[in-house]
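The values are calculated or read from the model by the stated rules, or taken from the named source; none is laboratory data. Here the structure is a predicted model, which means the values were calculated and not measured. Cβ sites come from the backbone with ideal geometry, for glycine too, and all protein chains shown count toward neighbours.
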Amino acid sequence: MSRNDAHVETPPPAGAGRSRRSHWLRLTGDLLLVIGGLVLAYPFWSAAYAQVQQSRLDSTYREQSAAFVETITANVATRPRGLSDEQLLRRLAKRFERGLDAGDPVGRLRIPRIGVNRLVQQGVGGRLGLDPDGDRSLLHSGPVHYAVTPLPGAGEPFAVAGHRTTYGAPFYKLDKLRAGDPIFLETPYGKFRYSVAKTTQVRPSDVGVLLDRGYGLVLTTCTPPYSAKYRLIVWATLERAKPLRAATGP
């Protein structure tokens, strides 16, 4: 045998290349199936997460509401007499806001026409108040109050954002609202009834809608569904506001 013959490698068996390709194709197919399953399941597990978080918020809200009512009741005798409901609500809203941190429940939002019944959380403030990423994690638990806008009773408008297609999709049917539809908000210091005035569509960069006076409530969500190209805006006017009974005195 020659020296050259000693280094000749045995060729791979016929079909070995095809077998390896088939193996990787099967692995790729399995991986795609797993990814597809996760994508399809995302709305379900995100909705379950939001529901758990809403239950947690409900417990916190009950405790905070009871504590706030107790504080107001203890000081009801010292508050100025002759205040109108509007003046009293403004004072109560300012007092309640001082104790709020980002993520704390502000009140319960109910929109009968589209079946919304969710607690609204306080959003982040400061320079992140208008940053789309500022409240992103909070939105996983439910609607969020834009902290750059006042609380109900403290000024206009009270602006709230909510998911449209994931994490329970509280604002999925926001486009179904029509002029005159009632919207209710209950806070530890007062109850508010709004009436839908109009709906509009703006670009995400148009944050001026959060500063528009003349409307008591502004609701925002992404549109069209499964896209963040635009923002759907629902504007509502305040019809009735009633301060907390404990704060009205005997």
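A residue that is within 21 Å of ALA154 (Cα to Cα), in contact with a Ser or Thr (Cβ under 9 Å, 6 or more places away or on another chain), modelled with pLDDT of 90 or more and not aromatic (Phe, Trp, Tyr) occurs nowhere in region 72-84. A search for C-beta distances below 8 Å between a residue of region 215-230 that is within 22 Å of PRO157 (Cβ to Cβ) and any residue that is crowded, with 16+ Cβ neighbours inside 10 Å and of a type in the set (Lys, Arg), counting only pairs 6+ apart in sequence or on different chains, returns THR220/ARG231; THR221/ARG164; THR221/ARG231; CYS222/ARG164; CYS222/ARG231; THR223/ARG164; THR223/ARG231.
Just to be sure before I move on: is LEU109 at pLDDT 90 or above, buried (at least 16 other Cβ atoms within 10 Å of the Cβ) and not in a helix (DSSP H, G or I) in the structure I sent?
Details: at pLDDT 90 or above: yes; buried (at least 16 other Cβ atoms within 10 Å of the Cβ): yes; not in a helix (DSSP H, G or I): yes.
Judged against the criteria, LEU109 is a match.
Tell me which residues, restricted to region 194-234, are assigned to a strand (DSSP E or B) and over 17 Å from the mean Cα position of the chain (by Cα). Lay out the reasoning, then the answer.
Start the filter on region 194-234 by keeping residues that are assigned to a strand (DSSP E or B), which leaves 194-202, 217-223, 230-234.
Listed by number, the residues that qualify are TYR194, SER195, VAL196, ALA197, LYS198, THR199, THR200, GLN201, VAL202.
I'd like the residue in region 226-250 that is among the small types (Gly, Ala, Ser) and modelled with pLDDT of 95 or more and, out of all such residues, is surrounded by the most Cβ atoms within 10 Å (Cβ to Cβ). The selected residue is ALA236. Scanning region 109-124 for residues that are among the polar types (S, T, N, Q) and touching a residue at least 40 places away in the same chain (Cβ under 8 Å) yields a total of 1.
Among the candidates TYR172, TYR146, which residue alone is among the aromatic types (Phe, Trp, Tyr), crowded, with 17+ Cβ neighbours inside 10 Å and either under 21 Å from LEU89 (Cα atoms) or touching a Leu at 6+ places or on another chain (Cβ under 9 Å) (or both)? Just one listed residue meets the conditions, TYR146.
Of all residues being surrounded by 21 or more Cβ atoms within 10 Å (Cβ to Cβ) and outside any strand (DSSP E or B) in region 112-133, which is modelled with the highest pLDDT? Just the residue, please. Among residues in region 112-133 that are surrounded by 21 or more Cβ atoms within 10 Å (Cβ to Cβ) and outside any strand (DSSP E or B), the one modelled with the highest pLDDT is GLY123. In the set (1) modelled with pLDDT under 80; (2) small (Gly, Ala, Ser); (3) in contact with a strand residue (DSSP E or B) (Cβ under 9 Å, 6 or more places away or on another chain), the condition left unmet by ALA47 is number (3).
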